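Scroll down for the structure; my scribbles are underneath it.
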């Protein structure tokens, strides 16, 4: 039995390769059921995200080549098109790798929490597909426990490390509950989309997206239950905004001091929190001179992000120490499974000897033998039967000068002294 990880990620493969090895969510169950039918695979789970595709398997025999061939056939590729990007981990390396992935230590953004939810989804899908067994199922559960301990005992995920997340965290600090606030996002690129996602996760009341192209604004806003605007409509909607985040490719400012003054007047000077993530800037610097405006630039947030990254790096060192301990716990459990069959066989043998001795004792009672003599017979007979085979084997070990077996027997039976 070998627990293996076979995969690619953002560190080993470009997006042009990663996108060709993605397993679509709607096909994961059927993919797992195909995988589990390979003769060498006893258990299986698949984690497939934009940054990584990993197969976790319990191999009953052989090597992972059959799985690599299956991946190639499934995606209609030649193995030489992706094999150079693959990594493989076995047993203890697999355990450590899964723990590190779940804790965000192997992520593009150090300590990001989303990957843990994605791993839980991978586990649930495999569980529903019936492709998890005792060993891989236990490894997933221990992975989740290790990740929880790292999140609880370190600051790995406590500080924002993207400017979008930092902006939203700052808004939350200023307003507290965001459920009554309206956010106006200017632009429709990746940064604005990430900002919208974080705002949505923090319970923002309403999202408005303004963009030069209305269709892009509408499409992005619709994902979060908001509505889109063309940039030309921006002035009349500014008074609605409690939070403004801008990130466009414009070479000239989009918002000037006069326009914000008008918005503040219409709002009766209710404060506006503004974040300019664009370079060149979308918001004129003079806007910061206005009362009731809190304006931050990308540089303000980048300093915060760098400090937070340093904090996460320190936390990552602590996380690695926790993972070392958790890996050893799981490997101890895994090693113990090899002894279970022996324990069961020994117990079954002892129970058989017990039943034989008990049957004779009961027969003696039915024949009128006194109870005290019958109990003495039972104890004597059972003791002799239980120690006969071990005694014979230890004696033979002594004859053959197998001192290691004799020493093991003393340890096994907890025998003291040097008799």
So, in segment 272-293, exactly how many residues are surrounded by fewer than 15 Cβ atoms within 10 Å (Cβ to Cβ) and either under 13 Å from residue 242 (Cβ atoms) or over 43 Å from the mean Cα position of the chain (by Cα) (or both)? 4
Checked segment 48-67 for anything in contact (Cβ under 8 Å) with a residue 12 or more places away in the chain, farther than 16 Å from residue 140 by Cβ, out of contact with any strand residue (DSSP E or B) (no Cβ under 7 Å at 6 or more places or on another chain) and not in a loop (DSSP other than H, G, I, E, B); matches are 66
When residues of segment 229-250 are filtered for being without any contact (Cβ under 8 Å) to a residue 40 or more places away in the chain and within 10 Å of residue 186 (Cα to Cα), how many remain? 2
Positions within segment 11-47 being part of a helix (DSSP H, G or I) and in contact with a helix residue (DSSP H, G or I) (Cβ under 9 Å, 6 or more places away or on another chain), in sequence order: 17, 18, 25, 28, 29, 30, 31, 32, 33, 34, 35, 36
Output for segment 189-212, where each listed residue is closer than 21 Å to residue 283 by Cα and assigned to a helix (DSSP H, G or I): 190, 191, 192, 193, 194, 195, 196, 199
Determine which member of the set 140, 99 is crowded, with 21+ Cβ neighbours inside 10 Å, closer than 28 Å to residue 306 by Cα and assigned by TED's automatic domain parsing to the domain that holds residue 6. 99
Index of the failed condition, residue 395 passing every other in (1) surrounded by 10 or more Cβ atoms within 10 Å (Cβ to Cβ); (2) not in a helix (DSSP H, G or I): (2)
Does segment 198-214 include one or more residues that are within 20 Å of the chain's Cα centre (by Cα), surrounded by 16 or more Cβ atoms within 10 Å (Cβ to Cβ) and in contact (Cβ under 8 Å) with a residue 12 or more places away in the chain? yes
Taking residue 371 as the residue in question, decide whether it is surrounded by 10 or more Cβ atoms within 10 Å (Cβ to Cβ) and closer than 25 Å to residue 345 by Cβ. no
In segment 81-97, anything under 22 Å from residue 17 (Cα atoms) and either under 10 Å from the mean Cα position of the chain (by Cα) or part of a helix (DSSP H, G or I) (or both) is listed as 81, 83, 84, 85, 97
Is there a residue in segment 162-183 that is free of Cβ contacts under 8 Å to residues at least 24 places away in the same chain and either crowded, with 22+ Cβ neighbours inside 10 Å or closer than 30 Å to residue 90 by Cβ (or both)? no
Some residue of segment 213-220 being in the same structural domain as residue 273 (by TED's automatic domain parsing) and under 14 Å from residue 273 (Cβ atoms): no
Of the numbered conditions (1) touching a residue at least 40 places away in the same chain (Cβ under 8 Å); (2) crowded, with 17+ Cβ neighbours inside 10 Å; (3) in a helix (DSSP H, G or I), residue 70 satisfies every one except a single condition; which is it? (1)
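The values are calculated or read from the model by the stated rules, or taken from the named source; none is laboratory data. Computed from a predicted model, the values in this text were never measured in an experiment. Here Cβ is always computed from backbone atoms with ideal geometry, including for glycine, and neighbour counts include all displayed protein chains.
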